[in-house]
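Heads up, the thing below is written out as structure tokens.
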Amino acid sequence: MHCFFIFILLYAVTGEDLQGLDTGCGKTQGCIFAPPNCEKNKTTNCTSIFIWTVGSGQISFTIQGLMIGPNKADGPNNYAAVGFSLDEYMGNDMVFICVGGFNKQAGVILGWNDQNRNYLLPEATVQLISQFHYTLDDYRIRCEGIWNFAKWDSIPANGHKELTYDLSSSTTKWHILFARGIADTYSDVLYPHSLIDGEAFPWITKETINFCSNQGCSIPSPYVYVNDLHQSAISRAVKYSASVSHGITMIHRLLMLIAFVFITLAYFLIFWQSSFRFIECTIACSADEYSKQLHAIIGTITYVLLVLQVLSGIFRPSIINPLRPYFNWLHTLNGFGIWAGASTNCILAITIPKTGLGDNYGKIPNHVMMVTILVFTFTVAACEWFANSTRWHPRHPDAVEKLKEKEPNPDDEPSLLATVMIFFNASCGIAAATVLGIMLVNVMKEALK
């Protein structure tokens, strides 16, 4: 009876530290090193290593990866992942993921990559992987475990068998993908790997491997020495995520800058027409003076917050910076504060007697403004629900809790309802601005007669 072992080593060490590690490559064990031939070059760091021996019944594996980014000791968790793919692109791939860091031990978990994102598979992990162990040494996270061939056919319905591969197949050959990146400290949800060329960008093998060791295998020997990895093929995930994320980011920035320019112009013109008087009265104020003064004070505070919002968006810390979560909360709360101040000022502007809206149109401008604010509030709440409607549940008594979608779906598509709601909200805002603008123009025409 043969023993089936697979050792996956993902870590950055110099070639001279690999003495003995590559012994038997292509003969008694299979080996993959990245960058190619780094094990033979003492001046080149090996960022990824995959070593395996083949038998039957199970796969005993080790995953090890060098943590990335600054402030590793105080930063978020990292992951080192090995993907099994039918082609040289990311998408529809099963993944072994080692997750951990200085803040929390995690371990190994199975995952699935589609064209859009990564799904964690805790139920399948419990069924297929056993005796896993996690260690952290010299900024290298390491996971060990055993993959059980026989249990693949008995994955429960909630284990999503369709999102896993049968690695014991005698005919299927796999491209091996290596990736490292940042993982959420509490949920282990994976953040995207680096999209920039460099040592942190994923490696992909051109040559395929097969773990079969029985008669009828499609290859004469399961032990190969692969050194033809490359980084040039842009993965499906990179192409999709980069294009969508870049597009969304550019739209957000463009709309932000356009709004900032128009608000700055409006802020200047309002004070210009009032001869740059910030305080209308100091002792006894009429209702008109009080409204204008309150409008000016709230408007100035809101504008200062808007300037801070723009600057914080431009100079925000990177995703691996430990200050990023605090920044995100500050940025979000500041944004809602700006919206609250702007909404208040819009209502105050309608009630200022000098606009003439109240005298000519009664409560209609107030109703238009309130409907617009309510539609925006509802849209924000609904979109937050669509984006964060997740739940916590225990993966295993001996494992940490995982943040899991209700139903991972490889064909996951953006919500049409959310798109319609956003379009409807934008349409309401444009319609409200148009209606109020027409009202103001009509009031000014009447005043000039």
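Among the residues of segment 84-94, those identified as surrounded by fewer than 24 Cβ atoms within 10 Å (Cβ to Cβ), modelled with pLDDT of 80 or more and on the phi < 0 side of the Ramachandran plot are F84, S85, L86, D87, E88, M94. Among the candidates A157, A179, A183, the residue that is out of contact with any Leu (no Cβ under 8 Å at 6 or more places or on another chain), surrounded by 15 or more Cβ atoms within 10 Å (Cβ to Cβ) and in the same structural domain as L128 (by TED's automatic domain parsing) is uniquely A179. Residue count for segment 20-70, restricted to those that are of a type in the set (K, R) and touching an Asp or Glu at 6+ places or on another chain (Cβ under 9 Å): 2.
Residues checked against (1) over 30 Å from R324 (Cα atoms); (2) in a strand (DSSP E or B):
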residue: S130; (1), (2): yes, yes
residue: G145; (1), (2): yes, yes
residue: K151; (1), (2): yes, no
residue: E162; (1), (2): yes, no
residue: S170; (1), (2): yes, no
residue: H193; (1), (2): no, no
residue: G198; (1), (2): no, no
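Go through the residues of segment 35-45 one by one and say whether even a single one is buried (at least 20 other Cβ atoms within 10 Å of the Cβ) and either touching a helix residue (DSSP H, G or I) at 6+ places or on another chain (Cβ under 9 Å) or at pLDDT 75 or above (or both). Looking through segment 35-45, at least one residue is buried (at least 20 other Cβ atoms within 10 Å of the Cβ) and either touching a helix residue (DSSP H, G or I) at 6+ places or on another chain (Cβ under 9 Å) or at pLDDT 75 or above (or both). Can you pull out every residue in segment 341-383 that is among the charged types (D, E, K, R) and either over 27 Å from V304 (Cβ atoms) or buried (at least 17 other Cβ atoms within 10 Å of the Cβ) (or both)? Matches in segment 341-383: D359, K363.
Within the option set D188, D197, D228, being closer than 30 Å to V108 by Cα, surrounded by 18 or more Cβ atoms within 10 Å (Cβ to Cβ), modelled with pLDDT under 80 and not assigned by TED's automatic domain parsing to the domain that holds A433 holds for one residue only, D188.
The values are calculated or read from the model by the stated rules, or taken from the named source; none is laboratory data. Everything numeric in this text was worked out from a predicted model, so none of it was measured. Virtual Cβ from ideal backbone geometry, glycine too; neighbours counted across all protein chains shown.
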